[in-house]
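Colleague: To start, I am sharing the structure in question, which I have written as structure tokens.
Just so it is clear, none of the values below were taken in a lab; they were calculated from the coordinates. Bear in mind the structure is a predicted one, so any value in this text is a computation, not a measurement. Heads up, the Cβs are rebuilt from the backbone with ideal geometry, glycines too, and the neighbour counts pull from every protein chain shown.
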Amino acid sequence: MWKARIGVIGIAPLDVILDAERSLIVQPDVFFVANERPSIIHNQVWGGPDLVVEVLSAGTALHDRTNKLGWFRQYGVRECWFVDTTGGRVNVVDFTGVLPVTRSFSGPEVVSSSVLSGFHPSAALLLP
């Protein structure tokens, strides 16, 4: 995990324990925990990070977009980014409102985030 000015960034393989009683542990490709929530970090992350990024692959895309997305919403993740290298898109699912909102970005479009308001990469920068 790396400490940044606004929070902590983690890159897989690092465990995120969403529910210890259910043994629900995930390893998002990248995650971010804001400075306001340091209490959830103890060698692993105990609870939903503020933001998770999943790079989709043919073998995991369905699981990531269904089961994991549901768990992320249930356990307090505020935003989930799906980097779809095959489709050339970054899909951002924002859970900060009453209902989830999904936005899609490609090419030179600037990816907007409710969680990382000062981070404005183009979708092309996030795609290989």
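Colleague: Go through segment 1-33 and give me each residue that's farther than 18 Å from GLY70 by Cβ and part of a strand (DSSP E or B).
Modeller: Selection gives TRP2, LYS3, ALA4, GLY7, VAL8, ILE9, GLY10, ILE11, VAL30, PHE32, VAL33.
Colleague: What number of residues within segment 34-53 are part of a loop (DSSP other than H, G, I, E, B) and buried (at least 20 other Cβ atoms within 10 Å of the Cβ)?
Modeller: Adding up the residues that qualify gives 3.
Colleague: Of TRP71, TRP81, which residue is among the aromatic types (Phe, Trp, Tyr) and out of contact with any helix residue (DSSP H, G or I) (no Cβ under 9 Å at 6 or more places or on another chain)?
Modeller: Every option except TRP71 fails the conditions.
Colleague: Quick check on segment 104-123. Is at least one of its residues over 20 Å from GLY7 (Cβ atoms), without any contact (Cβ under 8 Å) to a residue 12 or more places away in the chain and out of contact with any Pro (no Cβ under 7 Å at 6 or more places or on another chain)?
Modeller: Scanning segment 104-123, I find no residue that is over 20 Å from GLY7 (Cβ atoms), without any contact (Cβ under 8 Å) to a residue 12 or more places away in the chain and out of contact with any Pro (no Cβ under 7 Å at 6 or more places or on another chain), so the answer is no.
Colleague: Of everything in segment 18-28 that's in contact (Cβ under 8 Å) with a residue 24 or more places away in the chain and surrounded by fewer than 18 Cβ atoms within 10 Å (Cβ to Cβ), which residue is farthest from GLU79 (Cα to Cα)?
Modeller: Residue satisfying both the conditions and the ranking: ALA20.
Colleague: Then there's this: Condition first: among the basic types (Lys, Arg) and within 17 Å of LYS3 (Cα to Cα). Now tell me which residues in segment 17-42 satisfy that.
Modeller: ARG37
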